[in-house]
Amino acid sequence: MIIDSHVHFWKFNPVRDAWITKDMAVIRKDFLPEDFSLYLNENSIDGCIAVQADQSDEETAFLVNLAKENPFIKGVVGWIDLTSDKLEQLLHNYQSEKLIKGFRHIAEGEEIGFLLQKSVLNGIALLHQYNCTFDILLRQDQLSDAVKLSEKLPNQPFILDHCGKPDLKTNHLKDWKSNISELAQNPNIYCKISGLLTQGNWNTIDEKSIFEILDFIFSQFGIKRVVFGSDWPVMLLGGNYSLWLELISKYVSQFSKEEQELFFSGNAVKFYKL
């Protein structure tokens, strides 16, 4: 079984989605479940997790509705205002919505230290009380925030998106490795093997560099805390779905069948309580 732990859906809006610039023409359009279903069939994908791409309550409702209409969407990582005075009430209301597994904030677009603000920390601490996960999305140069966050909230289930976005354009990875090593010491932190096609040169796929990243991630987190994901459709900037799945399958062929099942589905099922 294969569960893709990181998929986005949107109806393209040039104002709201201003981050999708003109050099990203391939993703400046709608991406909906019917588009992703083509990959399901071609690549024998059994399901996915829909992850927020916009910071609004409307985004969360949009993804939940898509999940209700499309059973292959097994869960939703929505957005919630972590600093809201009404956060606890919002979380209470979401308790009846079993498709919501957790939340994410696009912290890579914030200043260093955003996740460590008292109001944000208090918000993430509340997530744990309501059995919600938190996806950590940070740039390589922000990763020390993730380390401090995990130290302050050691029992919160976290998952690091896109391997912490290692810079494959410069390959200056000393600080990335140091922070990843520290993060991985917390048993409540998982890591998504996703998004790497867009961390280097979009026109070429550097298998050697990607495999070196995977070697390090797997050595630190172990086979039980790494999770397959694609970052579709953003990943289309640097390749295609079949190519990514083929590349990852080639890498994990070194593991036993049972270990591969953990990576492709079992770990996601456990983390997101699918």
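The values are calculated or read from the model by the stated rules, or taken from the named source; none is laboratory data. Everything numeric in this text was worked out from a predicted model, so none of it was measured. Glycine also receives a Cβ, built like all others from the backbone with ideal geometry; neighbour counts cover every protein chain displayed.
Look at Asn131 and say whether it is surrounded by fewer than 17 Cβ atoms within 10 Å (Cβ to Cβ) and either under 18 Å from the mean Cα position of the chain (by Cα) or over 17 Å from Thr83 (Cα atoms) (or both). Full working, then the answer.
Values: surrounded by fewer than 17 Cβ atoms within 10 Å (Cβ to Cβ): yes; either under 18 Å from the mean Cα position of the chain (by Cα) or over 17 Å from Thr83 (Cα atoms) (or both): yes.
So Asn131 passes the test.
When only residues in the stretch 60-93 that are assigned to a helix (DSSP H, G or I) and of a type in the set (S, T, N, Q) count, which is farthest from His8 (Cα to Cα)? I'd like the intermediate steps shown before the answer.
Initially, the stretch 60-93 is screened for residues assigned to a helix (DSSP H, G or I), giving 60-69, 87-93.
Within this subset, residues satisfying the condition of being of a type in the set (S, T, N, Q) are 60, 65, 89, 93.
On the way: Thr60: 12, Asn65: 14, Gln89: 27, Asn93: 24 Å.
Among those residues, the one meeting the criterion is Gln89.
Would you tally the residues in the stretch 29-59 being in a strand (DSSP E or B), buried (at least 20 other Cβ atoms within 10 Å of the Cβ) and not β-branched (Val, Ile, Thr)?
3
If I filter the stretch 177-187 for residues that are assigned to a helix (DSSP H, G or I), at pLDDT below 95 and either under 20 Å from Ile80 (Cβ atoms) or touching a Phe, Trp or Tyr at 6+ places or on another chain (Cβ under 8 Å) (or both), do I get at least one hit?
Our first condition is that a residue be assigned to a helix (DSSP H, G or I); within the stretch 177-187, this holds for 177-184.
Adding the requirement that they be at pLDDT below 95 leaves none.
Looking for residues that are assigned to a helix (DSSP H, G or I), at pLDDT below 95 and either under 20 Å from Ile80 (Cβ atoms) or touching a Phe, Trp or Tyr at 6+ places or on another chain (Cβ under 8 Å) (or both), one finds none in the stretch 177-187, hence no.
Which number in (1) of a type in the set (S, T, N, Q); (2) farther than 20 Å from Arg139 by Cβ; (3) part of a helix (DSSP H, G or I) marks the one condition that Thr204 misses?
(3)
Would you point out the residue of the stretch 66-123, among those that are aromatic (Phe, Trp, Tyr) and under 18 Å from Leu153 (Cα atoms), that is nearest to the chain's Cα centre (by Cα)? Walk me through it before giving the result.
So in the stretch 66-123, the residues aromatic (Phe, Trp, Tyr) come out as 72, 79, 94, 103, 114.
Now narrow it down to the ones that are under 18 Å from Leu153 (Cα atoms): 103, 114.
Working: Phe103: 10, Phe114: 18 Å.
Here the answer is Phe103.
Please note which strands (runs of 3 or more DSSP E) are completely contained in the stretch 94-176 and include at least 3 residues that are among the basic types (Lys, Arg).
Values: elements: 100-105, 133-136, 158-160.
No strands (runs of 3 or more DSSP E) qualify here.
Looking at the stretch 245-258, is at least one residue touching a Ser or Thr at 6+ places or on another chain (Cβ under 7 Å) and modelled with pLDDT of 95 or more?
Narrowing the stretch 245-258 to residues touching a Ser or Thr at 6+ places or on another chain (Cβ under 7 Å): none.
So far as the stretch 245-258 goes, no, none of its residues is touching a Ser or Thr at 6+ places or on another chain (Cβ under 7 Å) and modelled with pLDDT of 95 or more.
Only one of Leu236, Leu214, Leu243, Leu247 is in contact with an Asp or Glu (Cβ under 8 Å, 6 or more places away or on another chain), in contact (Cβ under 8 Å) with a residue 12 or more places away in the chain and assigned to a helix (DSSP H, G or I). Can you tell me which? Working first, answer last.
On the way: Leu236 fails: in contact with an Asp or Glu (Cβ under 8 Å, 6 or more places away or on another chain); Leu214 fails: in contact with an Asp or Glu (Cβ under 8 Å, 6 or more places away or on another chain); Leu243 fails: in contact with an Asp or Glu (Cβ under 8 Å, 6 or more places away or on another chain).
The conditions single out Leu247.
From the set of residues in the stretch 147-159 that are under 14 Å from the mean Cα position of the chain (by Cα) and not β-branched (Val, Ile, Thr), which is surrounded by the fewest Cβ atoms within 10 Å (Cβ to Cβ)?
The initial filter retains those residues of the stretch 147-159 that are under 14 Å from the mean Cα position of the chain (by Cα), namely 157-159.
Next, from what is left, pick out any that are not β-branched (Val, Ile, Thr): 157-158.
Values: Pro157: 20, Phe158: 23.
Among those residues, the one meeting the criterion is Pro157.
When the stretch 160-191 is examined, which residues are found to be out of contact with any helix residue (DSSP H, G or I) (no Cβ under 6 Å at 6 or more places or on another chain), under 18 Å from Lys224 (Cβ atoms) and surrounded by 20 or more Cβ atoms within 10 Å (Cβ to Cβ)?
Leu160 - this is the single residue of the stretch 160-191 that is out of contact with any helix residue (DSSP H, G or I) (no Cβ under 6 Å at 6 or more places or on another chain), under 18 Å from Lys224 (Cβ atoms) and surrounded by 20 or more Cβ atoms within 10 Å (Cβ to Cβ).
Can you confirm whether Asn70 is more than 14 Å from Trp232 (Cα to Cα), crowded, with 16+ Cβ neighbours inside 10 Å, among the polar types (S, T, N, Q) and without any contact (Cβ under 8 Å) to a residue 60 or more places away in the chain? Show your work before the answer.
Working: more than 14 Å from Trp232 (Cα to Cα): yes; crowded, with 16+ Cβ neighbours inside 10 Å: yes; among the polar types (S, T, N, Q): yes; without any contact (Cβ under 8 Å) to a residue 60 or more places away in the chain: yes.
In short, yes.
Within the stretch 85-104, does at least one residue satisfy the condition of being among the aliphatic types (A, V, I, L, M) and touching a residue at least 60 places away in the same chain (Cβ under 8 Å)? It would help to see each step written out before you state the result.
Taking the stretch 85-104 as the starting set, the residues that turn out to be among the aliphatic types (A, V, I, L, M) are 87, 90-91, 99-100.
Imposing the further condition that a residue be touching a residue at least 60 places away in the same chain (Cβ under 8 Å) reduces the set to none.
Checking the stretch 85-104: not a single residue is among the aliphatic types (A, V, I, L, M) and touching a residue at least 60 places away in the same chain (Cβ under 8 Å).
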